[in-house]
Amino acid sequence: ESDKYRNDKTITKQNFPGVLALGSNLNLSPIFNNSGLVGYWKFDEGSGTTANDSSGNNNNGTLTNGPTWTTGKVGSALSFDGVNDYVDCGNDAILNITDALTVEAWVKFNYLDYTGNTGKLLGIGGKGLPDSASPHYGWWFSYDNRSNGKSFPYTCFGNSAGGPAGGGNNFGGSAYYYTFSTDIWYHIAFTITPTEAKLFINGAKYGPTKSISNLQLSDTSRNLIIGRLSNNPYYFQGLIDDVRIYNRALSAAEIQAIYNATK
C-alpha cells in the first residue's frame, strides 16, 4: 500500500528551484515575531537574587523577600508565598509604555477559594495603580476570586479621566468568569490598544473584546513588579514562569504560537 504514493524522482536544486541549493545554509524564520519585546523574564537562573531580562534591554529583576526557585513550566520558575515576596524590575523608560501593550505569563496557583467572599486578589504583576489610587494610571495583571465563589482574571488599565477599576477599562464581570484549578499551569495573556483590550487563556481568546477609553498606560512614578500588584496587599501565591512584555498588541496567532512553543 505504501508504494501507491511512491515517487522515485530524485530531489535536486534543478527540479526544485529556489528550495534547495547545494552548500547553502537554511535560514528559518521564528514561529513568532519578537519585535517590540521590552522585557522577558525566563526565571531559568535557578539560584541567586537576580532574574535576568532576556529581551536584551537589561531590565533585570531583583528578588525581594525571598521568592524561591523551583521547577517551572519551561526550565525553572519562581514560587511566591502570597505574603510579601515579589520581583522588582525597575522603572526604565522603555517600560513606560503609552500606546499598546501585551503581557503574558505562565502561572500555577497554590491557593484558590471559591467558597465566598474570603478569596484573594492575586497579583501576577503590574506597573502603576489604575484601580486604587489617583491618578489611576498604569496597568494591573491579576486574578480575583473574591466575588461569592466567582472568579476572573481581574486586569485593569489606566484611565486619564480617573475612576476606580480603570474607570471601566478592565476585564471584570461575569463575561470573564473562569474557574482555575490549583497545581495546573495556565498561560494567561492580554493585549491592549487605545481602543480595545483582549484576554487570552491557554493560547485562545477568552471573553468579549473590551472597549477602552481615555487609555493611560504609563505610570512613570512606579516600578514594574512581578508577583505583586504595585501596592502591597495583593501578592501572588503560586508559581510564575516565562513573563514577556511587548510594546505592541500581539496578534491572536502570535499568542497562540508562543503558547504552543512553551506548553
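Looking across segment 46-68, the residues that are more than 19 Å from the chain's Cα centre (by Cα) and in contact (Cβ under 8 Å) with a residue 24 or more places away in the chain come down to Gly46, Thr64.
Of the residues contained in segment 245-255, none is found to be closer than 30 Å to Asn52 by Cβ, buried (at least 19 other Cβ atoms within 10 Å of the Cβ), touching a strand residue (DSSP E or B) at 6+ places or on another chain (Cβ under 7 Å) and of a type in the set (D, E, K, R). Within segment 201-223, residues that are of a type in the set (S, T, N, Q) sit with their Cβ atoms under 8 Å from residues that are assigned to a strand (DSSP E or B) and exposed (fewer than 15 other Cβ atoms within 10 Å of the Cβ), at 6+ positions apart or across chains, in these pairs: Thr209/Glu196; Ser211/Glu196.
Tell me which strands (runs of 3 or more DSSP E) are completely within segment 53-115 and hold 2 or more residues being modelled with pLDDT under 95 and surrounded by fewer than 18 Cβ atoms within 10 Å (Cβ to Cβ), or say none if there are none. Lay out the reasoning, then the answer.
On the way: elements: 61-64, 68-71, 76-81, 86-88, 101-109.
Per the criteria, no element qualifies.
Listed by first and then second residue, the pairs linking a residue in segment 91-109 that is without any contact (Cβ under 8 Å) to a residue 40 or more places away in the chain and of a type outside the set (Phe, Trp, Tyr) to a residue that is buried (at least 20 other Cβ atoms within 10 Å of the Cβ) and assigned to a loop (DSSP other than H, G, I, E, B), with Cβ atoms under 6 Å apart and 6 or more places separating them unless they lie on different chains, are Asp92/Asn59. Going by the structure shown, is Tyr178 part of a loop (DSSP other than H, G, I, E, B) and either touching a Pro at 6+ places or on another chain (Cβ under 9 Å) or under 20 Å from Ser54 (Cβ atoms) (or both)? Yes: the conditions hold for Tyr178.
The values are calculated or read from the model by the stated rules, or taken from the named source; none is laboratory data. Everything quoted here is computed from the prediction, not taken from an experiment. Methodologically, a virtual Cβ is constructed for each residue, glycine included, from the backbone with ideal geometry; neighbour enumeration extends over all protein chains shown.
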